[in-house]
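The values are calculated or read from the model by the stated rules, or taken from the named source; none is laboratory data. Computed from a predicted structure; not experimentally measured. As a convention, Cβ positions derive from the backbone with ideal geometry for all residues, glycine included, and neighbour counts pool all protein chains shown. Accessible surface areas use protein heavy atoms only, side chains included; no ligands, DNA or RNA. Shrake-Rupley method; radii C 1.70, N 1.55, O 1.52, S 1.80 Å.
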Amino acid sequence: MSDLFDLPPGGPYLLSHSAGLLPVAARGEFEAKFFTPWAAKPGESWPLWLEAIDDFRTAMAGLLGGRAADYCPQPNVSAGLFALLSGLTPRDGRDTIVMSPQAFPSLGFVAQQAQRLGFRFRLVDGDPAHVANWDAALAPDVAVVVVMHVHSNTSIVSPVAAIAELARARGIFSIVDVAQSAGLLPIDVSAWRADALVGSCIKWLCGGPGAGFLWCPHDLKPLNVGWFSHEDPFAFDIRDFRYATDARRFWGGTPSVAPYVLATSGVKTIAAIGVEAVLAHNRALIARIDAEDRSGKGGTLCHIPTDIEKTMAALIQAGCRFDRRGDTLRLSFHIYNTSTDADIVARCLV
């Protein structure tokens, strides 16, 4: 499958948890769907550009489930989370947003600022993989629970469907961050029955930066709006704003186009390979290094070496591209990695 991606020169590329590789098809798609309309008919390019964004929404629905109409582009996960929170209102003593301290910090920053909307913010104690910890945390004052499907620094997987079920039974709005799982772990929004998703295409979906998204089948009314949040963006009546009847209500002003043309190539490439195939390949390569059961983990091997400086030096000498979070090395194997890559890493981690 490596021939479907632009592989960088040198040793193993192990940073798919940060930025997936460029699909070979992306250059041609970008030329055809972004540059060509702009150059050939610059005054008439918007209909074609908007069609490309619809293609993105359709591709996301094909990959993650649900209706294309319930997906909306967002510049990043943080923007998507704020858009959702701004459409919710603290009520009847329910005013608290909860999440794990292992969540990506940017989400916590957003939740803290949501206190200006009348919310409070609380972190959940304990391992986010254990339903009992979420059960204890979803108290009567909780309005929103934000769950990382896969945690970036530990690769721990949260039991999303079970948490969503608890939240639903208690009238709590559930939001799941799939940035570290979309494209690697199977996701079915209909089966999960969470209230909303936020995510990004830059990582395992190999879609590049700037192509975030949210999924929300509910009729929330976000605060951050613009003319593309309007039911009829081309009505041009400053006195009459009507929210779009689908998730485009979260869109805002004049939309970005280029990131979504690129991202669609990534999403379609991964979908054609099959998420199950990507996951099986990831598991097989990690098994060459580490015999740990990966059933409760994402795609990143989070390794804590006894001598981190020595191990890092060996990986760098071997040409490996990886990163570090504190005392943990993060090593991710995607569909374009090989058994040779895994064996190189194994020798470095001895």
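For the pair segment 1-67 / segment 215-254, the C-alpha centres are spaced 25 Å from each other. Pop out the carbon and sulfur fraction of the accessible area of the chain as a percent, whole number, probe 1.4 Å. The value for the chain is 56 percent carbon and sulfur by accessible area. Working note: Debye formula, equal point scatterers on the alpha-carbon atoms of segment 190-299, no solvent; log10 I(q)/I(0) at q = 0.12 Å⁻¹ is -0.61.
Loop-located trypsin sites (Lys or Arg not before Pro) in segment 120-200 (DSSP state other than H, G, I, E, B) with a sparse environment of at most 10 neighbouring Cβ atoms within 10 Å are absent. Simple spin-label estimate for residue 19 and residue 307 gives 3.3 nm between the two label positions (7 Å along the Cα-to-Cβ direction from each Cα). Kindly work out what percent of the DSSP beta bridges joining two residues of the chain are antiparallel, to the nearest 5. Once the DSSP bridges in the chain are tallied, antiparallel ones form about 55 percent.
Counting only protein heavy atoms and a 1.4 Å probe, the chain has 43 square angstrom of accessible area per residue. Sequence gap of 8 or more, or different chains, plus Cα separation below 17 Å: how many lysine pairs satisfy both in the chain? Counting lysine pairs in the chain gives 4. For the chain, hydrophobic long helices are taken as DSSP H runs at least 27 Å long by C-alpha position along their axis with mean Kyte-Doolittle hydropathy of -1.0 or more; these are 45-64.
A cut-off under 14 angstrom between Cβ atoms defines the neighbours of residue 162, and their net charge, with Lys, Arg +1 and Asp, Glu -1, is 0. Counted by Cβ distance under 11 Å from residue 193, the other residues give a net charge of -2, where Lys and Arg count +1 and Asp and Glu count -1.
Shape class for segment 127-270: oblate, because the ratio a/c of the largest to smallest gyration tensor axis (alpha-carbon atoms, square roots of eigenvalues) is 1.5 or more and b/c is at least a/b. Over all other residues within a Cβ to Cβ distance under 12 Å of residue 223, the charged ones net out to +3, with Lys and Arg as +1 and Asp and Glu as -1.
Within segment 240-311, the trypsin sites (Lys or Arg not before Pro) that combine a DSSP coil assignment with at most 15 other C-beta atoms in a 10 angstrom radius are 242, 288.
Qualifying GluC sites (Glu not before Pro) in segment 262-330, where qualification requires a DSSP coil assignment and no more than 15 other C-beta atoms within 10 Å, comprise 292.
Values [x] 174; [y] 133; [z] 158 are given for comparison; volume of the Cα convex hull per residue in Å³, derived from the coordinates here, is the one labelled [y]. Normalised by the number of residues in the chain, the mean separation of alpha-carbon contacts (under 8 Å, six or more apart) gives a relative contact order of 24 percent.
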